[in-house]
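Read through the structure below, which is laid out as structure tokens, and then see the notes.
The values are calculated or read from the model by the stated rules, or taken from the named source; none is laboratory data. From a predicted model like this one, the values you see are computed outputs, not experimental measurements. Counting neighbours? That spans all protein chains shown, and the Cβs are built from the backbone with ideal geometry, glycine included. Remember, those area values only see protein heavy atoms, side chains included, never the ligands or the DNA or RNA. Shrake-Rupley method; radii C 1.70, N 1.55, O 1.52, S 1.80 Å.
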Amino acid sequence: RSFPTHSTYTTDTTSREENKKTIESLSRLSVDIRKIRRLKEWVLLQDVAYVKEIAGILREMGADETAVANILERCPEAILRSPAEINSQRALWELVCQNEKQLIKLIEQFPESFFTTESHKNQKANILFFQALGLKNNIITRFLTSAPNIFYNPVEKNKTVIETLQKHYLSLGGSDANMKIWMLKLLSQNPFILLNTSTAIQENLEFLQKNGFTDHEVLQLLSKLKGFIFQLTPATMQKSMLFSKNVFKCSDQELRHLVLTCPALLYYSVPVLEERLEGLLKEGISVAQIRETPMVLELTTQIVQYRIKKLSALGYDIKNGTLESLNGTKKDFEVSYGKIQSKKERPIFNPVAPINIED
């Protein structure tokens, strides 16, 4: 994510000289000037910078000299923010941070998110809205660092999206009692749903219903896809479903069953599905095997190749076996691999069983 530049800054580096005072102040803090020149030289050309002041605020919060230097190297734009702006941002983040120790740790990890001080009013209103909604502070801090854009929306926009999701949840058969838990879980998994419009949400849900998915099945897909369905369009979903239908030569009803088993068939674009399918076929795996265990398409070609190679080393022939052993997370695979390995190493007879000897 690029750092939004204020209107008083310029990134034009032609016919301008570096600010010597800024260079000297940064050098005293042991900041690597060469790194800044290489990546964001325009920062060094600005007439006004607050190097000492920003470093002082960071020290106040508990940052040591090394941390201060690292923060300013990673996010030199910080020195262009006024002390007043940074103190306001500090007060804002303290609304959700346990203490200043946690705050400075977050700034070290995600300096750009902290030093983007635009839309301060919106940021504060959204933090208070998320707290009122029931989101825990540790989740809100994760949003601030990984999805800061959602805080720049006017709070009314985020409220409208939440209300739209709640309305659809109830209309699809969800219960009032579970709605809050469902909503908070969905937001925690994918805060980027707030960047969608109410219209886009409506269109995607209508597309699924028009394609024969029952209300209960649409709710299932929403949960399984963790809200990522709202980042798709009816056109992309249509193409992906048509591709799967042609590959697996199945009826509409069978296709819906496959999509419910493996939502990746709906989520991934045709080029991605094609690449993964080709990778599996090159390994000698049949289309019939993939249809039986479509979840294998959730894995990248590289992961599939690595897992097949490990299983082959144990003498496991994936072409004649089930693809279940390839599936799942890294941890799931290690469990499956361990079971196959122990089975292979198990002796073919019981060494402590009595031996029958005929006289």
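Details
- Counting heavy atoms of the protein chains alone, F230 has an accessible area of about 0 Å² for a 1.4 Å probe.
- Segment R16-L184, length gained on full extension (0.36 nm per residue, minus Cα span): 55.5 nm
- The alpha carbons of segment 18-117 stretch over 39, 23, 20 Å along the principal axes, in descending order.
- Taking the protein heavy atoms of the chain in the context of the full set of protein chains, the accessible area attributed to carbon and sulfur is 52 percent at 1.4 Å.
- Sorting W182, W93 on solvent-accessible area from highest to lowest, probe radius 1.4 Å, gives W182, W93.
- Helix 120-133 and the longest principal axis of the Cα set of the chain meet at an angle near 40°.
- Magnitude of the charge dipole for the chain, about its Cα centre and with charges confined to Cβ atoms of Lys, Arg (+1) and Asp, Glu (-1), is about 160 debye.
- Violating pairs (Cα-Cα greater than 32 angstrom) within the set K239/K330; K167/K330; K210/K310: K167/K330; K210/K310
- Between K343 and S198, residue separation times 0.36 nm minus the direct Cα-Cα distance comes to 46.9 nm.
- Accessible area of the chain divided out per residue, in Å², using a probe of 1.4 angstrom: 54 Å²
- In order along segment 331-342, the Karplus-derived 3J(HN,Hα) couplings, from 6.51 cos²θ - 1.76 cosθ + 1.60 at θ = phi - 60°, round to 5, 4, 5, 4, 5, 4, 4, x, 5, 5, 5, 5 Hz, and Gly and Pro are given as x.
- Under the Karplus curve 6.51 cos²θ - 1.76 cosθ + 1.60, θ = phi - 60°, whole-Hz ³J(HN,Hα) for segment 230-246, x wherever Gly or Pro sits: 7, 8, 9, 10, x, 5, 5, 5, 4, 5, 5, 5, 5, 4, 4, 4, 5
- Between E156 and L39, the simple label model (points 7 Å from Cα in the Cβ direction) yields a spacing of 3.9 nm.
- Computed extension gain for N320 through Q166, at 0.36 nm per residue and net of the alpha carbon distance, reaches 50.8 nm.
- Helical runs (DSSP H, four residues minimum) scored at -39500 (n - 2.57) apiece and divided by the length of the chain put the mean residue ellipticity at 222 nm at -18500 deg cm²/dmol.
- Residue among L95, L26, F114 farthest towards the positive dipole end of segment 18-117, charges placed on Cβ: L26
- Within the straight-line cut-off of under 16 Å between alpha carbons, the aspartates and glutamates reachable from K185 are E163, D176, sequence neighbours fewer than 8 places apart in one chain being disregarded.
- All-pairs alpha carbon distance profile, the chain, 20 Å steps from 0, percent: 23, 38, 32, 6, 1, 0
- Placing K180, K210 in order of accessible area, with the largest value first and a 1.4 Å probe, yields K210, K180.
- Å³ per residue enclosed by the Cα convex hull of segment 120-260: 105 Å³
- Inter-label distance for T145 and E278, nm, one decimal - labels placed 7 Å from Cα along Cα-to-Cβ: 3.9 nm
- Vicinal HN-Hα couplings computed from phi for segment 165-180 (Karplus, 6.51 cos²θ - 1.76 cosθ + 1.60; Hz; Gly/Pro x): 5, 5, 4, 5, 4, 5, 5, 8, x, x, 9, 4, 4, 9, 4, 5
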